[in-house]
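Derivation of every value follows stated rules applied to the coordinates shown; laboratory data play no part. Since the structure is predicted, the reported quantities are computational estimates derived from the model, not experimental observations. Reconstructed Cβ throughout: ideal geometry from the backbone, glycine too, with neighbour counts over all protein chains shown.
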Amino acid sequence: MASLRDIKQRINSTKKTSQITKAMEMTSAAKWNRGVVNAKAFVPYMEKIQEVTAAIALGSKGMIHPMLQARQIKKTGYIVMTSDRGLAGAFNSNVLRKVLQTIQSRHKSNDEFAIIAIGRVARDFFVKRGMNVALEIVGVSDQPSFESIKALTSSTVGMFEDGTFDELYIYYSHYISAISQDVTEKKLLPLTDITTTSKLTAYEFEPTPEEILEVLLPQYAESLIFGALLDSKASEHAARMSAMRNATDNAKELINSYTLTYNRARQAAITQEITEIVGGASALE
């Protein structure tokens with residue numbers, strides 16, 4: 001049985017841990033609020049650029065663009081979004097498990113795919129397993145700007161345009177609520193199923209629709225990546241907030257349990273001392 005001193009040390013160390021997890025929960029809550037605002041603020045832009053792109057692509061019959069056409073699949077690119085650090089519950093593991101299962105079911109060789117890793121956890125996970133990580137970016141801000149990932153998004157879209165990849169998929173954790181996130185797979189390129197929920201607007205183009213699409217389609221694909229990143233960041237902060245709240249609650253339960261054990265042990269020690277005193281006094285009579 002542990003001594004009173006050992007139990008007291010456990011109580012003190014658990015209290016310090018709970019203070020840390022509580023502080024991390026509050027920090028994540030603040031980041032989560034900003035992350036949700038950023039993700040929601042980007043939605044109107046995404047809807048508009050999708051509407052315009054769909055209007056041009058669907059309204060110009062007979063027009064052919066490489067980013068709108070399916071091709072024979074020789075190599076697939078997977079954009080995987082995770083965090084740079086842990087302590088976020090199952091946030092990272094759920095995404096990585098989904099990607100790994102997909103790769104194992106679709107491919108027989110590492111030559112058939114490559115990974116674009118956004119986040120240190122994703123990079124380390126695939127490098128450790130000997131999988132080809134073609135591009136990577138770590139240290140992304142908790143409130144990312146488009147400029148911070150523009151080089152990666154441009155390179156990724158460029159690798160599809162130059163034929164390095166024949167299709168691109170993106171995997172991330174979609175934010176639903178503070179306690180619910182869903183791992184999402186989205187086909188990024190080619191844009192064979194581009195649609196819009198609103199009624200198509202008739203536009204007059206200057207210059208030609210073909211020239212506009214040359215600029216607009218890469219920007220649209222890049223905006224899909226950035227929108228997914230904002231969504232993923234909101235999910236990350238929500239997951240870490242929940243994980244730290246659970247850790248704090250567990251620490252409180254441990255403290256209560258240790259305190260009860262400590263009081264019982266102290267009471268037993270006091271009772272033992274009284275018994276020894278009474279026994280000694282009786283022996284002197």
Exercise for review: For every other residue with a beta carbon closer than 15 angstrom to the beta carbon of S235, add +1 if it is Lys or Arg and -1 if Asp or Glu, then tell me the sum.
Suggested key: +2
Review point. Where both residues lie in region 23-243, what percent of DSSP beta bridges are antiparallel, nearest 5?
Key: 40
Practice item. Post the alpha-carbon centroid distance, region 120-141 to region 165-193, in whole angstrom. Key: 18
Review point. Normalised by the residues of the chain, what does the relative contact order come to in percent, with Cα pairs under 8 Å and at least six apart?
Key: 33
Review point. Long-range amide H contacts for F113: which residues qualify at under 5 Å (H placed 1.01 Å from N, peptide plane, sequence gap of 5 or more or a different chain)?
Key: T76
Point to revise | region 102-169 - charge dipole about Cα centre, Lys and Arg +1 at Cβ, Asp and Glu -1, debye rounded to 20 | key: 360
Check your understanding: How many angstrom separate the Cα center of region 13-36 from the Cα center of region 212-285?
Key -> 11
Check your understanding: From largest to smallest, what semi-axes in whole angstrom does the chain give when each is the square root of 5 times an eigenvalue of its alpha carbon gyration tensor?
Key -> 58, 21, 13
Point to revise | Among A122, A151, A90, residue whose mean-square fluctuation peaks in a GNM of the chain (springs only between Cα atoms under 10 Å) | key: A151
Exercise for review: Rounded to the nearest 500, what is the 222 nm mean residue ellipticity of the chain from helices alone, with -39500 (n - 2.57) per DSSP H run of 4+ residues and division by all residues?
Suggested key: -22000 deg cm²/dmol
Study note, to complete from the structure: Ranked output for segments 32-45, 69-82 by mean other Cβ atoms within 10 Å, highest leading, reads 69-82, 32-45
**Study point:** Derived scalar couplings ³J(HN,Hα) [region 146-154; Karplus, 6.51 cos²θ - 1.76 cosθ + 1.60; whole Hz; x for Gly, Pro]
**Key:** 5, 4, 5, 10, 4, 4, 5, 5, 5
Practice item. In a Gaussian network model over the chain where Cα atoms closer than 10 Å are linked, find which of I115, I212, I274 has the largest mean-square fluctuation. Key: I274
Review point. Each residue of region 156-168 in turn: what ³J(HN,Hα) in whole Hz from Karplus with 6.51, -1.76, 1.60 and θ = phi - 60°, glycine and Pro shown as x?
Key: 5, 5, x, 5, 6, 5, 8, x, 4, 10, 9, 7, 10
Point to revise | Fewest-first ranking of L68, L213, L4, using other Cβ atoms within 10 Å as the exposure measure | key: L4, L68, L213
